[in-house]
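The values are calculated or read from the model by the stated rules, or taken from the named source; none is laboratory data. On a predicted model such as this, the values are computed, not experimentally measured, just so you know. Note that each Cβ is placed from the backbone with ideal geometry, even for glycine, and that neighbours are counted across all protein chains shown. Note: accessible area is taken over every heavy atom of the protein model, side chains too, but ligands, DNA and RNA are not part of it. Shrake-Rupley method; radii C 1.70, N 1.55, O 1.52, S 1.80 Å.
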Amino acid sequence: MTQEQLDVACKHLEFHKQQFGFGNVEFKKGFIEDLAAAGIASESVDLIVSNCVVNLSPDKESVLREAFRVLKWGGEMYFSDVYSDRRVPKELLLDPVLYGECLSGALYWNDFLRLARKTGFTDPRLVETHRLGLGNPEIEALVGHIAFTSTTYRLWKLRGLESDCEDYGQAVVYRGTVPTARRVFTLDSHHAIEAGRVFAVCGNTYAMLHDTRLAPHFKFLEPESKVHLGLFAACGKKEGAPQFTDDGAASGGSCCSGGGGCC
């Protein structure tokens, strides 16, 4: 954001505090690759929310590394962005039109998963994904051979997460207490947890519910002695990849919302 934009935001800050009832709002000017320079301390943040911003950064590894640094243990980065089904060619990375459309900076999804794990987010969770329609002949001429998606991920900062979903005989019961999800709580694309039903989970999912702000909304069930039962059958290695095929779940709208341009 420019200083002028920040000035406008600060001018109306008190109005929005009164309108929405949140008094813990402040604006900091800086770069997402270096949050320390903006005065954001290590392990000081509960939740990071981002919408179609990370793809614009030239140093995405630093973005994720800084996010991990500032999050408290049990904290989360919940964000939507644009991903590609292959690496965008170097000659297209600096194209101003593609950059402005949030396309040339899109990460190949598998590179993103590797970066996430490298920076400490051991088990990235896919929440939802939709195929992007380009809708512009000039843009299609440049990148029509590449498939793009709007995809939401959850990245948890948790100790003890494993590289795969392992089974320890654990389960949870959702209490139905999240105001916007009384009947079913959706953790990610593979975990829609119905209220009142015993729901078996892998060790990583158990930690994501037990060791985070979500804990009060669940009852936790586990054996008297923790025994490893092998790879968790319902998860395994199947999660993580965005949806690049047109199968009815695809979206021809924007990267992060319905209709219109990228942002």
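General observations
- Among PHE68, PHE15, PHE185, residue whose mean-square fluctuation peaks in a GNM of the chain (springs only between Cα atoms under 10 Å): PHE15
- Using C-alpha pairs under 8 Å with a sequence gap of at least 6, the mean separation divided by the residue count of the chain gives a relative contact order of 19 percent.
- Radius of gyration and maximum dimension Dmax of segment 56-126, Cα, Å: 13.0, 40
- Counted residue by residue at 0.36 nm each, then reduced by the alpha carbon distance between them, the extension gain from VAL97 to PHE31 reaches 21.5 nm.
- The charge dipole of segment 1-50, taken about its Cα centre with unit charges on the Cβ of Lys, Arg, Asp and Glu (plus for the first two, minus for the last two), comes to roughly 180 debye.
- Cα gyration tensor shape of segment 76-210, rounded if a/c is under 1.5, else prolate or oblate by comparing a/b with b/c: prolate
- Relative contact order of segment 70-137, defined on C-alpha pairs under 8 angstrom at six or more residues apart (%): 25 percent
- Per-residue extension of 0.36 nm, minus the Cα-Cα distance of VAL8 and ASP46, leaves a gain of 11.0 nm for this segment.
- Share antiparallel - DSSP beta bridges, the chain, percent rounded to 5: 75 percent
- Hydrodynamic radius by Kirkwood, which averages 1/r over all alpha carbon pairs of segment 69-110, in angstrom: 12.0 Å
- Maximal additional length on extending the HIS228-PHE15 stretch stands at 71.3 nm, based on 0.36 nm per residue less the C-alpha distance.
- Mean-position separation - Cα centroids, segment 165-203 and segment 14-63, in angstrom: 29 Å
- Cβ charges +1 (Lys, Arg) and -1 (Asp, Glu), total dipole of segment 75-127, debye: 280 debye
- Computed from the Kirkwood radius of its Cα pairs, the Stokes-Einstein diffusion coefficient for the chain at 4 °C and 1.567 mPa s stands at 64 µm²/s.
- Computed from Cα atoms alone, the Kirkwood hydrodynamic radius reported for segment 129-196 is 16.1 Å.
- DSSP-defined antiparallel bridges as percent of all bridges, segment 1-156, nearest 5: 65 percent
- Global geometry of segment 1-92, whether rounded, prolate or oblate, following the gyration tensor of its Cα atoms and the 1.5 cut on a/c: prolate
- Extending 7 Å from the Cα toward the beta-carbon at both SER163 and ALA141 defines two label points whose distance is 4.6 nm.
- Of the residues ALA200, LEU6, ALA41, the one whose Cα sits farthest toward the positive end of the charge dipole of the chain, with +1 on the Cβ of Lys and Arg and -1 on the Cβ of Asp and Glu, is ALA200.
- Pairs with C-alpha atoms separated by more than 32 Å, drawn from the list LYS157/LYS226; LYS29/LYS118; LYS17/LYS157; LYS60/LYS219; LYS11/LYS157, are LYS60/LYS219; LYS11/LYS157.
- Residue-normalised accessible area of the chain, given per residue in Å² at a 1.4 Å probe: 54 Å²
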